[in-house]
Each structure stands twice: as structure tokens, then as C-alpha cells.
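Comments concern the structure below.
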Amino acid sequence: MELSYRFGFDAAHYFAHFPAGHRNHGVHGHSFQVEVAVRGEADPRTGFIIDFAQLEEACGELRGALDHRVLNEVEGLDKPSLENLCAWIWQRLALRFPSLARVTVRRDSSGQGCVYTGPQ
């Protein structure tokens, strides 16, 4: 069974490795959607896999670190690709939620997304 929580944030980023004139070289922004999922069996006593409030609080902290920021300036995100965003979020949640199953980051306006299921 998987339990998931979704949150959004708006942020800017750039990719200096692209040549000048490339649309991703300069600073540009996106609206991001993140979905975090934990896997497990419901506790027979509570009926829950985890307390949603804990997951919401942790995701709120991440949103606060990312929203309306230049992602390249966030520690650990100097190359803020979808792939690196997923891994960055995973690293910040995995110790707190050992049953973390996946992190998905999407940019719905462009139809792009990445799913990360942890280190291989």
C-alpha cells in the first residue's frame, strides 16, 4: 500500500553548461509539483501507515526551502535538474521516513517529470 502527499512550489533556475542563447542557459522559472509516497501496511491499531501530519510537516519544510527561490542557490542544488531535485528531496526525507517509496517532481505546464525510487 502507498500513501502519498503532494505539494507545489514556484522557483527559478538556470543551467550554465548550456551555451549562451540556449533557452535553458539564462534564469527562467517553473511551477513544480512534488509527490512523495511512503509504502507499508496500515497499523491495525490506528489504520494508518504513518501520521499524515508528520509527512505534511516535512513537506512544508521542503516547500519553504524551495518556493520562490533560485534553486541553484539552495545548498546541494547547484545543478537543479528534475533528477537532482528528486534526489535532493529524497535525501531530506529518507531518514525521517524509512518507508519512503518514491519522489516525483513534475512541471505540468511542459509535460515533464521525473520519478525517483531511491539509490540503486
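Miscellaneous remarks
- Using alpha-carbon coordinates, inclination of helix 82-93 to the longest axis of the chain, degrees: 40 degrees
- Range in the chain, longest, excluding exposed GluC sites (Glu not before Pro) [loop by DSSP; at most 10 other beta-carbon atoms within 10 Å]: 76-120
- Region 73-120 - percent relative contact order, Cα under 8 Å, separation 6 or more: 35 percent
- Here region 2-116 is assigned +1 on the Cβ of each Lys and Arg and -1 on the Cβ of each Asp and Glu. Its dipole about the Cα centre then comes out at about 300 debye.
- Within region 7-91, trypsin sites (Lys or Arg not before Pro) in DSSP loop having at most 11 other beta-carbon neighbours inside 10 Å: Arg23, Arg45
- Sequence-separation-based contact order of the chain, relative, with Cα cut under 8 Å and 6+ spacing, percent: 29 percent
- For the chain: span of alpha carbons on each principal axis (Å, largest first): 59, 27, 26
- To the nearest ten degrees, helix 52-66 and the longest principal axis of the Cα atoms of the chain are 10 degrees apart.
- For the chain, adding -39500 (n - 2.57) for each run of n ≥ 4 DSSP H residues and dividing by the number of residues yields -7000 deg cm²/dmol at 222 nm.
All of the numbers you see were taken from the coordinates with simple rules; none came from a lab. All values reported here derive from a predicted model rather than from experimental measurement. Here the Cβ is made from the backbone with ideal geometry for all residues, glycine too, and neighbour counts use every protein chain on show.
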